[in-house]
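Colleague: Shown below is the structure under consideration.
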């Protein structure tokens, strides 16, 4: 049995300020601030103005900010503007991107 916990922010939630989760967070909410977690998953209704720092990021919503993650997966519903810094990056066809990508070792 694992001790990993998952936090879920639904589309009717709006947050001003930094969001920190030790394990996994699923976001379909509006956040004006940075997000830090082990795993960050955003859905199509999410709207984040801030930076994301995680080991794994799966992005499917609107993001205006930078992402620093080992693995970044961008879904076709994503609308991203910012700098991506990652070891591995995969992008589904159809995503709207205005990005600069930097691969780290």
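Every read-out reported here was derived from the displayed coordinates using simple, explicitly stated rules and does not represent laboratory data. Only a predicted model underlies this, so the values are computations on that prediction, with no experimental measurement involved. Don't worry about glycine lacking a Cβ; one is built from the backbone with ideal geometry, like all the others, and counts go over all protein chains shown.
Colleague: In whole angstrom, note down how far apart the Cα centers of the range 23-97 and the range 3-19 are.
Modeller: 14
Colleague: A further question on this structure: Taking 0.36 nm per intervening residue step and subtracting the Cα-Cα distance, what contour gain separates residue 5 from residue 87 on full extension? Numbers along the way, then the final one.
Modeller: On the way: separation 82, 0.36 × 82 = 29.52 nm, distance 2.48 nm.
Contour length minus Cα-Cα distance gives 27.0 nm.
Colleague: Considering only the chain, what is the antiparallel percent among its DSSP beta bridges, to the nearest 5?
Modeller: Numbers: 0 of 48 bridges.
So the antiparallel bridges in the chain amount to around 0 percent.
Colleague: Going by how many other Cβ atoms sit within 10 Å of their own, how do 45, 76 line up, fewest first?
Modeller: Listing 45, 76 from fewest to most nearby Cβ atoms yields 76, 45.
Colleague: If I build a Gaussian network model for the chain, linking alpha-carbon pairs within less than 10 angstrom, which residue out of 70, 81, 18 has the largest mean-square fluctuation?
Modeller: Most flexible of the set in this elastic network: 18.
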